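Right, one structure below, let's go through it.
The values are calculated or read from the model by the stated rules, or taken from the named source; none is laboratory data. All figures in this text were calculated on a predicted structure; none of them were measured in a lab. FYI the Cβ positions are ideal-geometry reconstructions off the backbone, even for glycines, and counts take in every protein chain you see. These area figures cover heavy atoms from the full protein model, side chains too; ligands, DNA and RNA do not enter into them. Shrake-Rupley method; radii C 1.70, N 1.55, O 1.52, S 1.80 Å.
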Amino acid sequence: MTTAKWIWRLALSILLVVGFVDAEKPKGYHREICQYRKGKHIQPMSAYHNRLLAMRQQMKIRATLQGPEIDGYILPSTDEHLNQEVAVRDQRLRYLSGYSGVRAFAAVTSHGAAIWLEHRYAQQADGELECDWEIYLTSGNVTVADWLGSHLHLDKRVGADPHLVPHSLWMQWERELDDKFLKLVKINTNLVDHIWGHERPESPKNQVIQVHSKQFAGEYWQEKVKELRRRLAHLGCDAMVVTSLTEIAYLLNIRGTDIPYTPVVKSYAIVSQDDIFFYVDHTKISLGIDLHLRTDCFNEDCVKIKEYNQIWSDIRTYAQIWKRVLVSAPCVQDLGASEAIYSSMPGKIVVFEISPIIFMRAQKNSDEQAGMRKAHIRDGAAICEAMSNMETRFHTEQWTEEKIKYEVELWRLSQKHAKGLSLRTVVAYGEHSALPYYISSNVTNIEVSDQSLLVIESGGQYLEGTTDVSRTFIFGEPTHEMKKAYTNVLAGILHLTQLKFPADLKPSEVDALVRSMVWKDMTDYPQATGHGIGSFGSVEEPPISVAYGKNSSFHFKQGYFFSSESGYYKRNDFGVRLKNVLEVVDTGHTHPSGAHFLAFQDVTMVPYEPKLIDSTLLSAAEKRLLNEYNAKIRNDIGDELKRLGNMRAFYWMMNQTRHIREYLPEDEYRSATGGGSGGTTTGPLLLLGLSMIALTAMLLPTRS
């Protein structure tokens with residue numbers, strides 16, 4: 001370091017020390033429950049408080065095995081494969097803090113603890129965390145580097161487990177902490193695991209890998225591997241390290257139950273031009289999997305199964321042979337590979353690119369497309385069965401959000417080929433429905449009556465495909481305001497199904513079409529309008545994200561499936577949410593630019609709530625789209641319900657999808673809209689009437 005740089009750094013350090021002493025600590029999410037009990041625990045010396053103390057001890061003891069002690073520690077909620085929903089044994093953040101949600105990370109120092117999460121989970125975290133913890137929003141102005149910079153002196157070390165942090169996020173944290181004169185260091189042995197010790201749950205012993213047959217997958221895994229190798233060769237890569245569990249499940253046509261809501265197997269894979277290595281717990285391998293993956297041969301189309309943790313020694317070995325190896329970069333919802341994977345091989349051979357498997361998987365083949373449609377028919381029948389059953393019993397039993405959640409899940413899981421849920425079921429009533437990111441639980445559970453709106457967001461996993469649907473219901477009579485809000489939201493959803501567009505249109509540009517109907521009332525909803533969805537896979541799948549303001553270079557393709565969501569939220573009163581899954585289809589026509597014209601078609605087959613539809617607010621074209629959608633439900637869901645022999649659900653569905661008149665007589669239209677005898681439409685109608693009378697007189701025979 002030159003003398004000038006040394007003097008500059010010394011001067012800056014002195015200024016930062018003075019600033020550190022005088023600076024006000026950052027303030028996070030206001031925790032009213034903690035306002036008068038700072039430092040007091042909900043339970044004196046509770047388990048979570050003791051774990052926080054143990055974490056601080058580990059920061060001094062265990063970390064010294066890999067170097068000097070660390071003064072801060074960052075803990076994400078993800079697992080080694082960067083899943084948001086994780087197995088019980090990987091819920092490290094929950095074990096340390098008590099927070100049971102997802103999409104979060106925490107930072108701990110000797111005198112402080114803070115957690116960063118999305119706004120939707122703030123209320124939940126406030127109820128679960130003790131007052132030791134500060135809460136910050138990931139969308140807020142205080143970063144983890146800002147917080148650590150205000151709690152630590154210069155040149156201190158901040159540790160994190162590189163297995164749990166995406167490489168791109170690690171690089172960001174490293175830069176931000178360096179700006180605070182703090183150093184981010186790798187702690188390869190997770191400190192929470194040391195605290196958890198023998199109490200940490202074991203992996204379930206009965207989680208045998210299942211073969212996803214060609215009947216549902218549409219092609220053999222060998223064909224997928226061949227296509228992947230072709231794409232790797234195009235990128236000039238010798239091999240690829242696959243860390244995403246959904247990508248491995250897709251590539252090898254396997255499914256499992258290792259994490260909630262997504263049918264995957266905890267494993268790694270390496271695919272080169274000559275070999276396929278599959279790293280997994282051997283107890284999950286059955287004879288059927290051995291035969292499926294052809295583990296008894298030794299050519300490029302045979303899978304060699306190895307123990308889960310052998311991936312690390314193999315990477316070091318093969319990195320001496322490979323000249324270029326692909327490591328996954330982030331892509332929309334996918335976080336890419338971990339820092340541990342990225343840094344396990346020399347940087348000069350790493351090609352940090354989006355995984356080609358993402359694009360192979362997103363474009364469903366013909367069998368997967370048919371399967372997705374079938375899965376949504378089964379799912380639509382399940383919702384009809386659940387709602388008809390509830391409506392019959394509603395006024396004779398007491399209903400709560402949690403009871404309705406149980407009812408919906410029960411009927412869904414009773415369907416043929418149902419393999420589980422695809423997301424946490426959300427049931428929100430009344431003022432809870434006015435919260436865009438409300439998460440129902442036993443703690444927040446309330447009684448459901450017929451006085452307000454009920455929002456249900458849910459989805460299922462079937463052998464044929466994955467579903468994701470939101471509907472809003474009412475068991476009583478809605479107000480005019482409720483009907484107006486619901487109808488505007490519905491109109492936005494309907495508009496999307498009539499869109500014809502060139503294939504080079506960006507998904508973010510589609511968003512405005514859905515939002516336009518709520519924008520006209522100067523309102524909006526905070527969620528993204530849509531995201532890609534898998535086939536018996538992840539409910540959120542890249543590369544599609546329909547969200548205005550998000551610059552994306554990806555486009556729709558024939559065979560893509562994605563969700564379309566719209567909503568309205570009146571604070572402390574009620575909310576409306578509707579979500580469908582749509583399929584991208586080719587119209588067979590070509591744009592003058594040469595791009596294909598594409599279109600969307602509804603795959604979700606769940607009736608809307610007719611009591612909430614104000615038909616006078618819909619155009620004739622919108623009513624026609626609604627009638628066409630209802631006719632499709634009557635045909636497809638009607639056949640499924642009759643096959644199931646559930647006539648109660650059949651008649652409920654028929655009532656919910658009854659035809660509405662696309663054109664109203666003038667007197668009925670005026671009555672419905674409260675119109676008077678203004679001259680806007682009377683003049684033309686009177687002129688038309690006089691013209692018809694004159695024309696009739698001309699055509700009548702003249703009496704002699």
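Within segment 291-316, being charged (D, E, K, R) and in contact (Cβ under 8 Å) with a residue 12 or more places away in the chain holds for GLU300, ASP301, LYS304, LYS306, GLU307, ASP314, ARG316.
Scanning segment 238-277 for residues that are farther than 20 Å from GLN310 by Cβ and among the hydroxyl-bearing types (Ser, Thr, Tyr) yields THR246, TYR250, THR257, TYR261, THR262. Out of ALA649, ALA621, report the one residue that is surrounded by fewer than 17 Cβ atoms within 10 Å (Cβ to Cβ), among the aliphatic types (A, V, I, L, M) and assigned to a helix (DSSP H, G or I). Sole residue among the options that is surrounded by fewer than 17 Cβ atoms within 10 Å (Cβ to Cβ), among the aliphatic types (A, V, I, L, M) and assigned to a helix (DSSP H, G or I): ALA621. Here segment 446-456 is the region considered, the condition is being assigned to a loop (DSSP other than H, G, I, E, B) and in contact with a Ser or Thr (Cβ under 8 Å, 6 or more places away or on another chain), and the residue that is most open to solvent (accessible area, probe 1.4 Å) is ILE446.
Residue check: is LEU582 over 29 Å from the mean Cα position of the chain (by Cα) and touching a residue at least 40 places away in the same chain (Cβ under 8 Å)? Outline the logic, then answer.
Working: over 29 Å from the mean Cα position of the chain (by Cα): no; touching a residue at least 40 places away in the same chain (Cβ under 8 Å): yes.
Answer is no for this residue.
Listed here are the strands (runs of 3 or more DSSP E) enclosed by segment 457-575 that have at least 1 residues being open to solvent by less than 10 Å² (accessible area, probe 1.4 Å) and small (Gly, Ala, Ser): 460-462, 469-473, 530-532, 561-570.
Looking at TRP399, TRP411, which one is within 27 Å of VAL443 (Cα to Cα) and open to solvent by 10 Å² or more (accessible area, probe 1.4 Å)? Even if it seems obvious, please write down each step before you answer.
Details: TRP399 fails: open to solvent by 10 Å² or more (accessible area, probe 1.4 Å).
TRP411 is the lone residue from the list that is within 27 Å of VAL443 (Cα to Cα) and open to solvent by 10 Å² or more (accessible area, probe 1.4 Å).
Name the residue, out of SER286, SER366, SER355, SER344, that is in contact (Cβ under 8 Å) with a residue 60 or more places away in the chain, of a type in the set (Gly, Ala, Ser) and out of contact with any Gly (no Cβ under 9 Å at 6 or more places or on another chain). Criteria check complete, one pass: SER286. Which pairs have Cβ atoms under 6 Å, sit 6 or more apart or on different chains, and link a residue in segment 186-200 that is in contact (Cβ under 8 Å) with a residue 24 or more places away in the chain to one that is part of a loop (DSSP other than H, G, I, E, B)? That search, which allows pairs on different chains as well, returns ILE187/ASP161; ASN190/ASP161. Scanning segment 381-388 finds no residues that are among the β-branched types (Val, Ile, Thr), open to solvent by 10 Å² or more (accessible area, probe 1.4 Å) and out of contact with any Phe, Trp or Tyr (no Cβ under 9 Å at 6 or more places or on another chain).
Any chance you could count how many residues in segment 179-197 are among the basic types (Lys, Arg) and either touching a helix residue (DSSP H, G or I) at 6+ places or on another chain (Cβ under 6 Å) or under 19 Å from ILE61 (Cβ atoms) (or both)?
Taking segment 179-197 first, the residues among the basic types (Lys, Arg) are 180, 183, 186.
Next, from what is left, pick out any that are either touching a helix residue (DSSP H, G or I) at 6+ places or on another chain (Cβ under 6 Å) or under 19 Å from ILE61 (Cβ atoms) (or both): 180, 186.
Here the count works out to 2.
Scanning segment 425-445 for residues that are of a type outside the set (S, T, N, Q), within 24 Å of GLU391 (Cβ to Cβ) and either in contact with an Asp or Glu (Cβ under 9 Å, 6 or more places away or on another chain) or not in a loop (DSSP other than H, G, I, E, B) (or both) yields VAL426, VAL427, ALA428, TYR429, GLY430, GLU431, HIS432, ALA434. Among the residues of segment 597-629, those that are over 25 Å from GLY380 (Cα atoms) and either touching a Ser or Thr at 6+ places or on another chain (Cβ under 6 Å) or basic (Lys, Arg) (or both) comprise PHE597, THR616, LEU617.
Does segment 94-111 hold any residues that are hydrophobic (A, V, I, L, M, F, W, C), in contact with a strand residue (DSSP E or B) (Cβ under 6 Å, 6 or more places away or on another chain) and either in a loop (DSSP other than H, G, I, E, B) or in contact (Cβ under 8 Å) with a residue 40 or more places away in the chain (or both), and which are they? Hits for segment 94-111 are ALA107, VAL108. Note on segment 279-289: among residues that are farther than 13 Å from TRP221 by Cα, open to solvent by less than 50 Å² (accessible area, probe 1.4 Å) and not in a loop (DSSP other than H, G, I, E, B), the one that is modelled with the highest pLDDT is TYR279. Here ASN442 passes the criteria (1) modelled with pLDDT under 95; (2) crowded, with 16+ Cβ neighbours inside 10 Å except the one numbered (2).
Note on segment 254-272: among residues that are over 20 Å from TRP312 (Cα atoms) and part of a loop (DSSP other than H, G, I, E, B), the one that is nearest to the chain's Cα centre (by Cα) is TYR261.
The residue that is nearest to SER366 (Cα to Cα), among those in segment 576-607 that are open to solvent by 10 Å² or more (accessible area, probe 1.4 Å) and hydroxyl-bearing (Ser, Thr, Tyr), is THR587. The residues of segment 277-300 that are over 19 Å from VAL225 (Cβ atoms) and of a type outside the set (Gly, Ala, Ser), listed by number, are ASP281, HIS282, THR283, LYS284, LEU287.
Residue count for segment 318-370, restricted to those that are in contact with a Pro (Cβ under 6 Å, 6 or more places away or on another chain) and of a type outside the set (Gly, Ala, Ser): 7.
So that you can scan it fast, the table gives a plain yes or no per residue for (1) surrounded by fewer than 16 Cβ atoms within 10 Å (Cβ to Cβ); (2) of a type in the set (Phe, Trp, Tyr); (3) within 30 Å of ALA319 (Cα to Cα):
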residue: VAL165; (1), (2), (3): no, no, yes
residue: ASP178; (1), (2), (3): yes, no, yes
residue: THR189; (1), (2), (3): yes, no, yes
residue: LYS214; (1), (2), (3): yes, no, no
residue: GLY218; (1), (2), (3): no, no, no
residue: ARG229; (1), (2), (3): no, no, yes
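Taking segment 231-243 as the range and being open to solvent by 20 Å² or more (accessible area, probe 1.4 Å) and on the phi < 0 side of the Ramachandran plot as the test, the residues that pass are ARG231, ALA233, HIS234, LEU235, ASP238.
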